[in-house]
Every structure is written in C-alpha cells, then in structure tokens.
1. If a residue has to be outside any loop (DSSP other than H, G, I, E, B) and either within 22 Å of residue 149 (Cβ to Cβ) or under 11 Å from the mean Cα position of the chain (by Cα) (or both) to count, how many in region 15-64 make the cut?
2. For region 159-215: of the residues being hydrophobic (A, V, I, L, M, F, W, C) and closer than 16 Å to residue 132 by Cα, which is modelled with the lowest pLDDT?
3. So which residues in region 54-70 are over 16 Å from residue 32 (Cα atoms) and touching a strand residue (DSSP E or B) at 6+ places or on another chain (Cβ under 6 Å)?
4. Which of the residues belonging to region 86-132 are in a helix (DSSP H, G or I), of a type outside the set (A, V, I, L, M, F, W, C) and at pLDDT 75 or above?
5. Given (1) acidic (Asp, Glu); (2) crowded, with 20+ Cβ neighbours inside 10 Å; (3) at pLDDT below 85, where does residue 59 come up short, assuming only one miss?
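The values are calculated or read from the model by the stated rules, or taken from the named source; none is laboratory data. Here the structure is a predicted model, which means the values were calculated and not measured. Counting neighbours? That spans all protein chains shown, and the Cβs are built from the backbone with ideal geometry, glycine included.
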Amino acid sequence: MESLTSRYPWVKRKKAYWVWLNTVARLIGKICRLKVKGRENIPQEGKVLLVANHRSYLDPPLVAFAVKKRPVFFMAKSELFDTPILGSLIKHWGNAFPVKRGKADLTALKTALELLNKGELVCIFPEGQRAPKGKFLRGKWGAGMVAIKAKAPIVPCLIEGSEALIGKEGLANGLPKVTITFGKPFTIDLEDRKENYQKAADIMMERIKELKGGD
C-alpha cells in the first residue's frame with residue numbers, strides 16, 4: 001500500500017491544523033458554549049484511540065477543540081472530500097481521511113491503524129452515522145477491528161447537545177449548549193479474530209454510554 005502522505009498529502013500540514021483549531025474550531029466551541037469534562041484522561045503522548053458517539057456534522061471540530069493539546073485525526077465520509085468548498089477546507093486543515101460508508105472500507109481502517117502505529121491520536125465514531133437525539137446506535141464491527149488490532153489505550157467520549165447545532169431545533173431554542181466528557185482510558189483484551197470485532201465495538205459503545213449522567 002502506498003504511504004499515508006502519498007494517499008492524503010494534506011496530513012503533513014501540521015501548522016494549518018493548529019490555525020484551524022484556534023480559529024474555526026474555537027469559534028464553534030464558543031458559539032455552542034462548549035463544556036469539557038475529563039480532558040485529563042487523554043494521554044498526552046503515544047497512540048490513543050478516541051471513540052465517540054455521533055450526533056452532528058460539527059462533532060469533529062468540537063472534539064478537536066475539546067482535546068486541545070494534541071492533534072486529532074478523523075475519518076470523514078468520502079462524499080465530503082468532493083464538495084467544492086467543504087472538501088477544500090477539510091484538506092486544508094488536514095487531519096481527516098475519507099471513509100466510504102455502507103461497507104467495510106479497508107483502506108480507511110488501515111489508514112487509522114497506520115496513524116495509531118505512528119503514535120497519533122485517532123478519533124472514530126463507532127456508530128458510523130449520526131444518531132437521533134438521546135439515542136445510541138450499535139457500533140460497527142470495523143471500529144472493533146481497529147481497536148483490537150491497534151492495541152492502543154481507548155478513551156471513551158460522550159458528546160451531548162451537538163444535535164441542536166444545525167437545524168430547526170437549535171434555531172428555535174437559541175444558542176445550544178454542548179458538553180463533551182472524556183472517560184478514563186481502557187483496553188480491550190480480545191483475540192484478533194473476526195468474530196470478536198463486533199464484541200469490541202459493543203464494548204466501546206457501552207463505555208461511551210456509561211459516561212452519560214456522570215459527574
């Protein structure tokens with residue numbers, strides 16, 4: 001397989017990421033009155049797999065701003081990279097790579113593993129799509145495969161309130177309020193076998209749900 005930077009040359013633009021984080025992501029965080037809990041649970045070096053529930057198109061910049069102290073790499077649906085303006089923005093700030101939805105995208109999964117093996121922090125949304133307000137979807141087995149193969153510390157992340165950022169609900173109720181909670185790192189000790197991938201995805205979603213209603 002060709003190298004990561006050959007496939008996605010924009011991932012080398014570290015300076016662009018920090019500019020984006022301190023402008024666009026910061027602005028979004030301020031608008032939604034972002035509250036962050038448990039940031040101290042995120043290891044500040046070495047590979048980390050961050051797993052979060054998914055409610056809004058704006059979850060990635062919110063998570064990146066909540067993490068704050070180190071770059072975060074995300075999977076983003078491949079259609080976004082073909083959008084004239086948004087696609088250019090994603091490639092400019094750089095820390096996203098495409099994933100084809102509706103099937104197991106092995107290239108995207110291998111990219112996530114490659115980044116983790118380089119000691120990066122990768123955020124994935126195990127549900128694979130946005131869930132309705134207050135709901136959680138079952139995690140996809142591909143997320144479980146990454147977790148088992150990476151053997152990295154896993155940090156669960158609960159996003160609450162971001163579904164109100166876009167749409168009639170947010171406009172009707174004024175400025176939304178979003179809370180992001182990071183739990184303590186954990187590991188999944190399962191043998192690397194296909195039948196365990198869904199089990200791992202289920203474990204990650206349960207850890208995310210456990211953060212709901214916490215202090």
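1. Restricting attention to region 15-64, the residues satisfying the condition of being outside any loop (DSSP other than H, G, I, E, B) are 15-31, 35-37, 39-41, 48-52, 59-64.
Okay, now just the ones that are also either within 22 Å of residue 149 (Cβ to Cβ) or under 11 Å from the mean Cα position of the chain (by Cα) (or both), so 48-52, 59-64.
Result for region 15-64: 11.
2. Taking region 159-215 and keeping what is hydrophobic (A, V, I, L, M, F, W, C), we get 159, 164-166, 171-172, 175, 178, 180, 182, 186, 188, 190, 200-201, 203-205, 208, 211.
From what's left, closer than 16 Å to residue 132 by Cα: 159, 164-166, 178, 205, 208.
Working: 159: 95, 164: 81, 165: 76, 166: 66, 178: 92, 205: 97, 208: 98.
Among those residues, the one meeting the criterion is 166.
3. Answer for region 54-70, where residues must be over 16 Å from residue 32 (Cα atoms) and touching a strand residue (DSSP E or B) at 6+ places or on another chain (Cβ under 6 Å): just 70.
4. Matches in region 86-132: 107, 110, 111, 114, 117.
5. (3)
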